[in-house]
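Worksheet for the structure shown next.
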Amino acid sequence: MQFDILTLFPEMFESPFSSSIIDRAIKNKKVKIKLHQMRQWAWNSYGAVDDKPYGGGVGMLIRVDVIDKAIKKLDSRFPACRQARRGNDRPRIILTSARGKRFTQADAVRLSKEKNIIIICGHYEGFDERISKLVDEEISIGDYVLTGGELPAMVMVDSIARLLPGVLGKDESSQTDSFSKNNFIEYPQYTRPAEYNGEKVPEILLSGNPKKIKEWQQQQSGQRGPKEDTQ
């Protein structure tokens, strides 16, 4: 799979993508990640990609002509499918947006079946509204404000890439992750020592009975959930 990330700050991705699972996936050629500086499609000689909003308002907006030129350039690598919105060969174009659909594990699974994903990182006060017509979908990672779309792009790449065959040490690891089945949280797990500060590992896990252990794990997966803030 190939990710193309359109951003004003490509340097932000260097550390996250040069360590751990993503780094191994790149080295093992399971994933390709290409960073594209948005300013190479600037509308003036000063490298500007934004402009003042019509009707006034605070801040600047990313211009539609800048994004349109970038998409056409990236999309031109796939001439056989440039005219079609459908088909797994054409890049899936995602815009990071506060108003976008909330990103879930189901989305990660769906997107892991794509061959190429283009992620456009939002910035400043937002985008010209016409940009929404150039993309396939808008995605948000939560109901809070971030400086830009770089962090959401990292989150999406990480959650999608780890689902690809051969990326994790054992492919079944991703299948038992939290939210992977019926939105259940993964069952609690323990390792040595068997007792620490008076807290013991559940006896069932020490029983050596695979059937009983499996039943316990399934039961615990259905019972767990996010902790509430009691403050």
What residues qualify as long-range amide H neighbours of R92, i.e. H under 5 Å apart, gap of 5 or more or another chain, H built at 1.01 Å from N? N116, I117, I118
Across the stretch 148-158, in residue order, what do the Karplus-derived ³J(HN,Hα) couplings come to in whole Hz, using 6.51 cos²θ - 1.76 cosθ + 1.60 with θ = phi - 60° and x for Gly and Pro? x, x, 5, 5, x, 5, 4, 4, 5, 4, 4
So the label point goes 7 Å from the Cα of R130 along Cα→C-beta, right? Which residues of the stretch 54-77 then have their backbone N under 17 Å from it? 54-56, 61-73
Full-stretch length increase - D65, Q40 - with 0.36 nm per residue and alpha-carbon distance subtracted: 7.8 nm
Eligible aspartates and glutamates near K133 by straight Cα distance, threshold 17 Å, same-chain separation 8 or greater: D65, D68, D75
Alpha-carbon centroids, the stretch 93-168 and the stretch 29-82: separation in whole Å: 16
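So with the 1.4 Å probe, I'd like the accessible area per residue for the stretch 1-156, rounded to whole Å². Let's see the in-between values first.
On the way: 8640 Å² over 156 residues.
Ligands and nucleic acids excluded, the result is 55 Å² per residue.
In whole percent, and with a 1.4 Å probe on the protein chains, what portion of the accessible area of the stretch 10-121 is carbon and sulfur? Don't skip to the end; give the middle numbers.
Values: 3540 of 6700 Å².
Percent of accessible area from carbon and sulfur atoms in the stretch 10-121: 53.
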Note the per residue figure in Å³ for the convex hull of the C-alpha positions in the stretch 1-148. 133
Estimated vicinal HN-Hα couplings, Hz - the stretch 50-59 in sequence order (Karplus 6.51, -1.76, 1.60; Gly, Pro = x): 10, 7, 6, x, 5, x, x, x, 7, x
What pairs from K73/K113; K34/K73; K72/K113; K29/K113; K34/K101; K113/K214 go past 18 Å between their alpha carbons? K73/K113; K72/K113; K34/K101; K113/K214
Karplus 3J(HN,Hα) series, Hz, for the stretch 188-194 with 6.51 cos²θ - 1.76 cosθ + 1.60 (x for Gly, Pro): x, 10, 9, 9, 5, x, 5
Stretched out fully, how many nm does the piece from L164 to Q2 gain, at 0.36 nm a residue minus the Cα gap? 57.2 nm
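The values are calculated or read from the model by the stated rules, or taken from the named source; none is laboratory data. Model, not experiment: these values are computed from the prediction. Counting neighbours? That spans all protein chains shown, and the Cβs are built from the backbone with ideal geometry, glycine included. The area values use the complete protein model at the heavy-atom level, side chains included, leaving out ligands, DNA and RNA. Shrake-Rupley method; radii C 1.70, N 1.55, O 1.52, S 1.80 Å.
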